[in-house]
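Worksheet: one structure, shown below.
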Amino acid sequence: MKQIYETMKGFSQYEISRKGIIRKIVSKEIISMRVHPIYRYTMCDLQDNDLIVRTAYLHKELARNFIRTRKKGKLYVIHINGNPHDNSIKNLKWATPSEAQAIQIKLGIRKKTGNPEIYKFSKYWKAKHAAEINAAKPKRLRIKKKNRKIYSTNLPLNPRKIKS
């Protein structure tokens, strides 16, 4: 069966097949892939439309070109079975960050922490407690002799010790 190639979105010099083969349009040269040492995703380096070399992850490029049901807020491409080497179209799905995390926890890829301290460093906590954070910023003093900066405040410098 003959492979059908489509021009890649964002990389107009290359085309991609449904089986995950990327090649140059002009020379028909197949691009060699490598595996990310930590996350185990298949990737390669390609020149984008602005002639800047970028790392392209195979599962993201397959989803961008062949899975057309991307909705607003779905930023991640996940492997449904959890295997990063299985890049078939049936195994890929667009997901929100919370959906991606839920699937990672379900498959045992990520641990469920349940640590409320992690929430304290999110942008939502910072927005809710902006007044406390601004009040906790230390005053800067300068010592002329040693030309060192020291900080003086009645609140702790460590944000983990801020009581909510």
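The values are calculated or read from the model by the stated rules, or taken from the named source; none is laboratory data. Predicted, not measured: the structure shown is a model, and the values here were computed from it. In this analysis, Cβ positions are derived from the backbone assuming ideal geometry, glycine residues included, and neighbour counts consider all displayed protein chains.
For Arg54, the test of being under 23 Å from Gln13 (Cα atoms) and in contact with a Lys or Arg (Cβ under 6 Å, 6 or more places away or on another chain) is failed.
What number of residues within segment 68-93 satisfy the criterion of being among the small types (Gly, Ala, Ser) and modelled with pLDDT of 90 or more?
Going through segment 68-93, the residues among the small types (Gly, Ala, Ser) turn out to be 73, 82, 88.
Still in the running and modelled with pLDDT of 90 or more: 88.
Count: 1.
If the condition is being hydrophobic (A, V, I, L, M, F, W, C) and either loosely packed, with under 14 Cβ neighbours inside 10 Å or out of contact with any strand residue (DSSP E or B) (no Cβ under 8 Å at 6 or more places or on another chain) (or both), then segment 1-32 contributes Met1, Ile4, Val26, Ile30.
Looking only at segment 98-106, decide whether some residue is surrounded by fewer than 14 Cβ atoms within 10 Å (Cβ to Cβ) and under 25 Å from Ser12 (Cα atoms).
Scanning segment 98-106 turns up no residue that is surrounded by fewer than 14 Cβ atoms within 10 Å (Cβ to Cβ) and under 25 Å from Ser12 (Cα atoms).
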